[in-house]
Amino acid sequence: MSNRRQFLKSAAALGAAIPAGAAAQTKSDHDKQHAHNMRQAAAAQPRPYMFLSQDEVAFLDAAVSHLIPKDELGPGAKEAGVTYGSMARKYTQGPWPEGTPQQGYQSPLTPAAVYRAGIRDTNAYCQKTYGKTFGALARAQQDEVLKGLDGGKIELEQVRSPFFFNMLLANTIEGFFADPVYGGNRDKAGWKLVGFPGVAAVYTSFIEKHNVPYKAQPVSIADITGRLAKVDEYGHPIHVMLDDDQAGA
């Protein structure tokens, strides 16, 4: 990282000494940097919430920061903006017997309604137990509450606490690794963490390369629709390959 920053500083200082024959390459680098700057600016813009109140946002931001915390490897779920969604078209007509995990989603409530009820009831529990709502608790207390929800030790009025917790955990993971066009995975933080290149490109030139890491700058659907990424004649993204130093950034 420090070597790369030093290199960029040196390159900027020597900009006036670049020979005329390198002009095309310089323009290409400039275009790449411009596209990168546009992506960074778009990622930094605050996004309006279509369903959640500010109190609910505070709850979810605090919760997801525990489920996928930031660390030395990069941003966590809160920084990646995974707090979003309503899924209003879910099937919500009975019957409603207790289902098995293999039967998938089983609830008369939409996921949005589950969140609203779960957050309200959990905040009521926190207010009664600690004198504060979940988002205002110390991190150690938030951990205790999440473990209580996960283990069913905290009773909620309208939904079962493990059901609410499992939805929260599943949606946190989905939001962290889904395409940024859906609202989470801001600046492709989740993809960069695991080395996922995003939208599929043409890999024919790599078919015979075995056990070789595919290190590319990840491309999202929004990058393509916003023309921030180059595509081939068939609309497939042209991945920009990264060296080891860039891949670890």
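The values are calculated or read from the model by the stated rules, or taken from the named source; none is laboratory data. Since the model is a prediction, treat every value here as computed from it, not as a measurement. When we count neighbours, we look across all protein chains shown, and the Cβ atoms used for this are built from the backbone with ideal geometry, even at glycine. Keep in mind that these areas ignore ligands, DNA and RNA; they rest on the heavy atoms of the full protein, side chains included. Shrake-Rupley method; radii C 1.70, N 1.55, O 1.52, S 1.80 Å.
Against the condition open to solvent by less than 70 Å² (accessible area, probe 1.4 Å), out of contact with any helix residue (DSSP H, G or I) (no Cβ under 6 Å at 6 or more places or on another chain) and not aliphatic (A, V, I, L, M), how does residue 187 come out, does it pass?
Details: open to solvent by less than 70 Å² (accessible area, probe 1.4 Å): yes; out of contact with any helix residue (DSSP H, G or I) (no Cβ under 6 Å at 6 or more places or on another chain): no; not aliphatic (A, V, I, L, M): yes.
When the stated conditions are applied, residue 187 does not pass them.
Give the number of residues within the range 134-157 that are under 16 Å from residue 65 (Cα atoms) and outside any helix (DSSP H, G or I). Residues in the range 134-157 being under 16 Å from residue 65 (Cα atoms) and outside any helix (DSSP H, G or I): 2 in total.
Answer yes or no as to whether residue 203 is surrounded by fewer than 20 Cβ atoms within 10 Å (Cβ to Cβ), more than 25 Å from the chain's Cα centre (by Cα) and not charged (D, E, K, R). Considered against the rule, which asks whether it is surrounded by fewer than 20 Cβ atoms within 10 Å (Cβ to Cβ), more than 25 Å from the chain's Cα centre (by Cα) and not charged (D, E, K, R), residue 203 comes out as yes.
Quick one: would you say residue 165 is aromatic (Phe, Trp, Tyr) and either touching an Asp or Glu at 6+ places or on another chain (Cβ under 9 Å) or modelled with pLDDT under 95 (or both)? Outline the logic, then answer.
Values: aromatic (Phe, Trp, Tyr): yes; either touching an Asp or Glu at 6+ places or on another chain (Cβ under 9 Å) or modelled with pLDDT under 95 (or both): yes.
Yes; evaluated as a whole, the condition is true for this residue.
The residues of the range 104-122 that are assigned to a helix (DSSP H, G or I) and touching a Gly at 6+ places or on another chain (Cβ under 8 Å), listed by number, are 111, 112.
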